[in-house]
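Participant: The following block contains the structure, expressed as structure tokens.
The values are calculated or read from the model by the stated rules, or taken from the named source; none is laboratory data. A quick note: this is a predicted structure, and the numbers were derived from the prediction, not measured. Using ideal geometry, Cβ is built from the backbone for each residue, glycine included, and neighbour counts are taken over all protein chains shown.
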Amino acid sequence: MASPLVVDFEELYVNLGKVYVTIQRAAQRIARENQLSMSHLQVLLVINRIRDRREWIHLKELYPHFRLTQPAIGRLVRYLAYWEYIQIKRDEEDRRRLLIRLLPAGKAVLQRFRQVSAESLDPHSLSLLERSLQRLYRLKFAPGELPTE
């Protein structure tokens with residue numbers, strides 16, 4: 001019989017997978033509806049996540065969140081600015097730096113993503129995921145050892 005730790009990780013993996021696939025489908029749908037690539041949508045999501053009580057963020061703050069080159073991220077940002085999902089301006093203190101902010105169209109895309117994602121997730125999958133996370137949280141880990149029953 002498998003140890004409780006293995007069962008907990010397996011259950012968590014399966015439940016996370018279900019939720020991930022559901023949210024990924026919602027993201028693809030929203031990107032398609034707005035004529036965006038998944039990378040464009042991810043840029044909007046990251047901008048929204050890292051803007052913390054600041055209207056404007058430095059473009060360079062996006063770089064660590066992507067496995068893309070800076071020029072590639074710049075192209076994604078310029079596309080989003082061209083279609084008025086975000087706004088770009090030069091930093092007044094250092095003209096070499098660019099600042100970006102979400103515009104109402106970008107915020108609307110993110111709101112729609114949240115709405116479609118929430119509608120797509122069934123209560124059963126969410127309760128399974130919550131139970132798995134609670135059980136995993138209660139496990140005690142010691143380096144190099146599996147927890148005992």
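Participant: Does the stretch 47-55 contain at least one residue that is touching a Phe, Trp or Tyr at 6+ places or on another chain (Cβ under 8 Å), over 30 Å from Leu136 (Cα atoms) and among the hydrophobic types (A, V, I, L, M, F, W, C)?
Facilitator: Filtering the stretch 47-55 down to residues touching a Phe, Trp or Tyr at 6+ places or on another chain (Cβ under 8 Å) leaves none.
So far as the stretch 47-55 goes, no, none of its residues is touching a Phe, Trp or Tyr at 6+ places or on another chain (Cβ under 8 Å), over 30 Å from Leu136 (Cα atoms) and among the hydrophobic types (A, V, I, L, M, F, W, C).
Participant: Mind listing whichever residues of the stretch 81-95 are closer than 27 Å to Asn34 by Cβ and part of a loop (DSSP other than H, G, I, E, B)?
Facilitator: Across the stretch 81-95, the qualifying residues are Trp83, Glu84, Tyr85.
Participant: If you scan the stretch 11-20, which residues turn out to be within 11 Å of Leu121 (Cα to Cα) and touching a helix residue (DSSP H, G or I) at 6+ places or on another chain (Cβ under 8 Å)?
Facilitator: Our first condition is that a residue be within 11 Å of Leu121 (Cα to Cα); within the stretch 11-20, this holds for 18-20.
Selection gives Lys18, Val19.
Participant: Could you please let me know if Arg78 is in contact (Cβ under 8 Å) with a residue 40 or more places away in the chain, of a type in the set (D, E, K, R) and in a helix (DSSP H, G or I)?
Facilitator: Numbers: in contact (Cβ under 8 Å) with a residue 40 or more places away in the chain: no; of a type in the set (D, E, K, R): yes; in a helix (DSSP H, G or I): yes.
Considered against the rule, which asks whether it is in contact (Cβ under 8 Å) with a residue 40 or more places away in the chain, of a type in the set (D, E, K, R) and in a helix (DSSP H, G or I), Arg78 comes out as no.
Participant: Taking the options Arg29, Arg25, name whichever one is part of a helix (DSSP H, G or I), out of contact with any Pro (no Cβ under 7 Å at 6 or more places or on another chain), loosely packed, with under 14 Cβ neighbours inside 10 Å and modelled with pLDDT of 85 or more.
Facilitator: Details: Arg29 fails: loosely packed, with under 14 Cβ neighbours inside 10 Å.
Of Arg29, Arg25, the one residue that is part of a helix (DSSP H, G or I), out of contact with any Pro (no Cβ under 7 Å at 6 or more places or on another chain), loosely packed, with under 14 Cβ neighbours inside 10 Å and modelled with pLDDT of 85 or more is Arg25.
Participant: If we keep just the residues of the stretch 38-75 that are among the polar types (S, T, N, Q) and free of Cβ contacts under 8 Å to residues at least 24 places away in the same chain, which is surrounded by the fewest Cβ atoms within 10 Å (Cβ to Cβ)? Please lay out each step first, then the result.
Facilitator: If we filter the stretch 38-75 for residues that are among the polar types (S, T, N, Q), which is where we start, we get 39, 42, 48, 69-70.
Keeping just the survivors that are free of Cβ contacts under 8 Å to residues at least 24 places away in the same chain gives 69-70.
Values: Thr69: 10, Gln70: 12.
Among those that are among the polar types (S, T, N, Q) and free of Cβ contacts under 8 Å to residues at least 24 places away in the same chain, it is Thr69.
Participant: Okay, moving on. Sort through Ile73, Ile30, Ile50, Ile23 and tell me the only one that's in contact with a helix residue (DSSP H, G or I) (Cβ under 6 Å, 6 or more places away or on another chain), farther than 30 Å from Leu129 by Cβ and not hydroxyl-bearing (Ser, Thr, Tyr). If you could, list the steps in order and put the result at the bottom.
Facilitator: On the way: Ile30 fails: farther than 30 Å from Leu129 by Cβ; Ile50 fails: farther than 30 Å from Leu129 by Cβ; Ile23 fails: farther than 30 Å from Leu129 by Cβ.
Unique residue meeting the criteria: Ile73.
Participant: Within the stretch 98-137, can you find the residues that are in contact with a strand residue (DSSP E or B) (Cβ under 6 Å, 6 or more places away or on another chain) and farther than 18 Å from Gln35 by Cα?
Facilitator: Within the stretch 98-137, Leu98, Leu99, Ile100, Arg101 qualify.
Participant: Being of a type in the set (Phe, Trp, Tyr), more than 16 Å from the chain's Cα centre (by Cα) and surrounded by fewer than 15 Cβ atoms within 10 Å (Cβ to Cβ) is the filter here, so list the residues in the stretch 5-22 that pass it. Give the derivation first.
Facilitator: Going residue by residue through the stretch 5-22, those that are of a type in the set (Phe, Trp, Tyr) are 9, 13, 20.
Among the residues that remain, those that are also more than 16 Å from the chain's Cα centre (by Cα) are: 9, 13.
Correct list: Tyr13 only.
Participant: I'm trying to understand the selection: among the residues of the stretch 84-137, which are of a type in the set (Asp, Glu) and either at pLDDT 95 or above or in contact with a Phe, Trp or Tyr (Cβ under 8 Å, 6 or more places away or on another chain) (or both)? Can you show your working first?
Facilitator: Going through the stretch 84-137, the residues of a type in the set (Asp, Glu) turn out to be 84, 91-94, 119, 122, 130.
Once the filter is applied, which keeps residues that are of a type in the set (Asp, Glu) and either at pLDDT 95 or above or in contact with a Phe, Trp or Tyr (Cβ under 8 Å, 6 or more places away or on another chain) (or both), the stretch 84-137 yields only Glu84.
Participant: Determine, yes or no, whether Ala81 is farther than 28 Å from Gln134 by Cβ, among the small types (Gly, Ala, Ser) and either out of contact with any Pro (no Cβ under 6 Å at 6 or more places or on another chain) or surrounded by 15 or more Cβ atoms within 10 Å (Cβ to Cβ) (or both). Before the answer, list the steps.
Facilitator: Details: farther than 28 Å from Gln134 by Cβ: yes; among the small types (Gly, Ala, Ser): yes; either out of contact with any Pro (no Cβ under 6 Å at 6 or more places or on another chain) or surrounded by 15 or more Cβ atoms within 10 Å (Cβ to Cβ) (or both): yes.
Criteria met by Ala81.
Participant: Given the conditions (1) over 19 Å from Gln115 (Cβ atoms); (2) more than 17 Å from the chain's Cα centre (by Cα), which single one is not true for Ser37?
Facilitator: Looking at each condition in turn, Ser37 falls short on (2).
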